[in-house]
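Data first, discussion second: the structure below is written as structure tokens.
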Amino acid sequence: MRLTSVEFVGVLLLLFGTLPVGPGGAVSGQQRVTVDEYEPRTTLVVPGNPVTSARFPFADIHGHQSGARMSPGDVDRLVGEMDELNMAVMVNLSGGSGASLVTGLENMTRDNPGRFVFFANVDFRGVGEPGWGERAAAQLEADVAAGAAGLKIFKGLGLSNRDTDGNRIPVDDPRIDPVWAKAGELGIPVLIHSADPAEFWQPYDRFNERWLELTLRPRRIQPPGRSAPFEQIIGEQHNLFRRHRNTNFISAHLGWLGHDLERLGGLLDEIPNMYVGLGAVVYELGRQPRFARRWLTEYQDRVLMGKDSYNQEEFHTYFRVFETDDDYFDYYRKYHAFWQMYGLDLPDEVLRKIYYENALDLVPKIDRSLFPA
């Protein structure tokens, strides 16, 4: 079998991890370039429109800040960067519970009223003890009375959280039902992260689309037996949504189904209390601009803007994907997506829904005066 030059280079990289390159392009031992160091500079010349501030004020539904530990100067700097981004409100999903929630809210909102909204968190230690669900629901009610506007569930539920007998706690474990019911009763949304990208569970080989990321961060690999399968965990999430129709759920990271928007759309059609956030997954939309544009237009009422880990410059990629029709530009982290982005050029009415209108409908305690009428 004869290999093309591209295939031959691929074999060398797989076998040795590096390809020595010498002057004039000749293979030698003078320079070694690993696959994670390879950063080709495109020769493509096309119009470009970098965007550093959103067209409309937006609510970041997926923020993380250590509110109780931030100094007044830290908060002021963050608010200044939010202003530059046109971020009107940040939802802090790391709100905690009890005293830490109260301290964080006071610390971040004392001099910046309306700019931060906190979601409470649940401690799943103790699941299995008699009355745990009722006590957790009562704590959630107290946290909402103290200022929380929602509930954030981290990915440990379904992956690593254990009950008092040492067993994995499924996402749809009925022992947690009082918490979900209380959220519905209080009229607050639940933003929930279940599982991780599906590729983490796929074989770690040359066919894995996220091979580079898994090579650089091998702890993300999910070999058989390490945890429940991907489909089982997200299936439990969807069962949870179906069972608690009176509670609104926001599935973080496009429910890890951004690579299969048709399937995700089918779930949104079936489950009217399910919404999705965009945190850390714009790379999925930016590589399928035509279909993603149609999809976001169809499901514009069910998608909320969010970024996840905070970095001011990384928001610029979101704005450029959503607001321009630019071709072939960089994603902000090559190990998440070893491909280029394309602009979706979303209509203004869709941008408004995603940037702030859906958040205003779902999240109580967001100050409406910070957004267009």
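The values are calculated or read from the model by the stated rules, or taken from the named source; none is laboratory data. Bear in mind that the values here come from a model prediction, so they are computed numbers and not experimental data. Quick reminder, even Gly has a Cβ in these numbers, built from the backbone with ideal geometry, and neighbours come from all protein chains shown.
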Can you confirm whether segment 193-215 contains a residue that is of a type in the set (K, R) and either touching an Asp or Glu at 6+ places or on another chain (Cβ under 7 Å) or over 29 Å from V91 (Cβ atoms) (or both)? yes
For segment 223-235, what are the residues that are farther than 19 Å from P272 by Cβ and of a type outside the set (S, T, N, Q)? P223, P224, G225, R226, A228, P229, F230, E231, I233
Within segment 280-293, does at least one residue satisfy the condition of being surrounded by 16 or more Cβ atoms within 10 Å (Cβ to Cβ), farther than 24 Å from P40 by Cα and in contact with a strand residue (DSSP E or B) (Cβ under 7 Å, 6 or more places away or on another chain)? no
Evaluate segment 64-86: report whether one residue or more is more than 30 Å from T164 (Cβ to Cβ), part of a loop (DSSP other than H, G, I, E, B) and modelled with pLDDT of 95 or more. yes
From the option list D177, D172, single residue qualifying as outside any helix (DSSP H, G or I), farther than 18 Å from L362 by Cα, assigned by TED's automatic domain parsing to the domain that holds P364 and in contact (Cβ under 8 Å) with a residue 12 or more places away in the chain is D172
Total residues in segment 256-287, condition under 19 Å from L344 (Cβ atoms), assigned to a helix (DSSP H, G or I) and not hydroxyl-bearing (S, T, Y): 9
How many residues are farther than 19 Å from T247 by Cα, of a type in the set (A, V, I, L, M) and surrounded by 21 or more Cβ atoms within 10 Å (Cβ to Cβ) if we restrict to segment 118-151? 1
Please enumerate the residues belonging to segment 80-102 that are more than 17 Å from G147 (Cα to Cα) and in contact with a strand residue (DSSP E or B) (Cβ under 9 Å, 6 or more places away or on another chain). E81, M82, L85, N86, M87, A88
How many residues does segment 218-238 hold that are more than 17 Å from N167 (Cα to Cα) and in a helix (DSSP H, G or I)? 9
With the condition kept exactly as written, say whether any residue in segment 352-361 is farther than 17 Å from M87 by Cβ and touching a residue at least 60 places away in the same chain (Cβ under 8 Å). no
Starting from residues that are buried (at least 20 other Cβ atoms within 10 Å of the Cβ) and aliphatic (A, V, I, L, M), keep the ones in segment 187-206 and report whichever is farthest from L257 (Cα to Cα). I188
Having 1 or more residues that are of a type in the set (D, E, K, R) and within 30 Å of S53 (Cα to Cα) is the bar; report the strands (runs of 3 or more DSSP E) wholly within segment 87-159 that clear it. 150-153
Evaluate the following for Y275: is it surrounded by 21 or more Cβ atoms within 10 Å (Cβ to Cβ) and of a type in the set (F, W, Y)? yes
Residues within segment 329-350 that are over 16 Å from N49 (Cβ atoms), part of a loop (DSSP other than H, G, I, E, B) and in contact with a Leu (Cβ under 8 Å, 6 or more places away or on another chain), tallied: 3
Which residue pairs have Cβ atoms closer than 8 Å, lie 6 or more positions apart in sequence or on different chains, and pair a first residue in segment 192-212 that is at positive phi with a second residue that is outside any loop (DSSP other than H, G, I, E, B)? A195/G158; A195/L159; A195/F230; A195/I233; A195/I234; A195/Q237; A195/W256
Report, ordered by the first and then the second residue, all pairs with beta carbons closer than 7 Å, sequence separation of six or more or different chains, a first member in segment 57-83 that is touching a residue at least 12 places away in the same chain (Cβ under 8 Å), and a second member that is assigned to a helix (DSSP H, G or I) and small (G, A, S). A59/A359; I61/A359; H62/A252; G67/G104; A68/S100; A68/G104
For the structure I just gave you, tell me whether F329 is crowded, with 19+ Cβ neighbours inside 10 Å, under 22 Å from E39 (Cβ atoms) and touching a Pro at 6+ places or on another chain (Cβ under 9 Å). yes
For segment 94-114, does any single residue satisfy the condition of being buried (at least 20 other Cβ atoms within 10 Å of the Cβ), out of contact with any Pro (no Cβ under 9 Å at 6 or more places or on another chain), of a type in the set (A, V, I, L, M, F, W, C) and touching a residue at least 60 places away in the same chain (Cβ under 8 Å)? no
Pull out all pairs, ordered by first then second residue, where Cβ-Cβ is under 8 Å, the residues are six or more apart or on different chains, the first lies in segment 311-338 and is under 20 Å from V46 (Cα atoms), and the second is basic (K, R). Y318/K307; F319/R55; E323/R55; D326/R320; F329/R320
